[in-house]
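Visitor: Let me begin by handing over the structure; questions about it come next.
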Amino acid sequence: MSGLREQVQRDLTEAMKARDAVRVGALRMLLTSIVNREKELRRELTDDEVREVAAREVKRRTESIEAFERGARADLVAKETAEREILRVYAPEQLPEAELDRLIEEAVAEVGATGPGVRPGAGAGDERGGAVGRVVSPPGAAPEHAAASNAP
């Protein structure tokens, strides 16, 4: 069992003893997601994989917060925000904006980009978990999904 997974389990036990309902709920969901991922892979997760699962849970909370804000549900926004902050402890740390800008400039220089365009994989993998896609995308940019075409 990975050290981070054990830490989540210990934190859950402490939260239960402290009767911290929000923390218990968030950690139970995280632990369930970890166990489900382990079942998918048919093996125990490494610490990095546990962090990836936690990052997905943080992302889910962020998306829920945005939806609840659009729906004017302040009570649910507060709940999801509290859970997100609890889960961020287990997710990979996000890079500071200055560091992210530096990495982007390096990737652009590496591929010799001179204008807009997408170079799939360029600069990817250097800082695993360092930035969420939305942070890297230019403001107002929508994700592009290219559909595979069977046309000759």
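Visitor: Can you tell me which residues in region 56-106 are crowded, with 17+ Cβ neighbours inside 10 Å and of a type in the set (Gly, Ala, Ser)?
Guide: Correct list: Ser64, Ala91.
Visitor: Taking the stated definitions as given, is Arg23 surrounded by 18 or more Cβ atoms within 10 Å (Cβ to Cβ), touching a residue at least 60 places away in the same chain (Cβ under 8 Å), of a type outside the set (Phe, Trp, Tyr) and out of contact with any Lys or Arg (no Cβ under 9 Å at 6 or more places or on another chain)?
Guide: yes
Visitor: Right, here's the next one. Considering only region 1-20, state which residues are in a helix (DSSP H, G or I), exposed (fewer than 14 other Cβ atoms within 10 Å of the Cβ) and of a type in the set (Gly, Ala, Ser).
Guide: Gly3
Visitor: Do we find that Arg51 is in contact with a helix residue (DSSP H, G or I) (Cβ under 6 Å, 6 or more places away or on another chain), modelled with pLDDT of 95 or more, assigned to a helix (DSSP H, G or I) and charged (D, E, K, R) in this structure?
Guide: So Arg51 does not fit the description; no.
Visitor: With the checklist (1) within 18 Å of the chain's Cα centre (by Cα); (2) outside any helix (DSSP H, G or I) in hand, flag the one item Arg43 doesn't pass.
Guide: Among (1) within 18 Å of the chain's Cα centre (by Cα); (2) outside any helix (DSSP H, G or I), the lone unmet condition for Arg43 is (1).
Visitor: Now for a different question. Looking only at region 59-103, which residues are charged (D, E, K, R), outside any helix (DSSP H, G or I) and over 12 Å from the mean Cα position of the chain (by Cα)?
Guide: Passing the criteria: only Arg73.
Visitor: Go through region 38-55 and give me each residue that's farther than 15 Å from Val89 by Cβ and either buried (at least 17 other Cβ atoms within 10 Å of the Cβ) or in contact (Cβ under 8 Å) with a residue 60 or more places away in the chain (or both).
Guide: Passing the criteria: Glu38, Leu45, Asp48, Glu49.
The values are calculated or read from the model by the stated rules, or taken from the named source; none is laboratory data. This one's a predicted model, so the numbers in the text were calculated from it and none came from an experiment. Please note: Cβ atoms are built from the backbone with ideal geometry, for glycine as well, and neighbour counts cover all protein chains shown.
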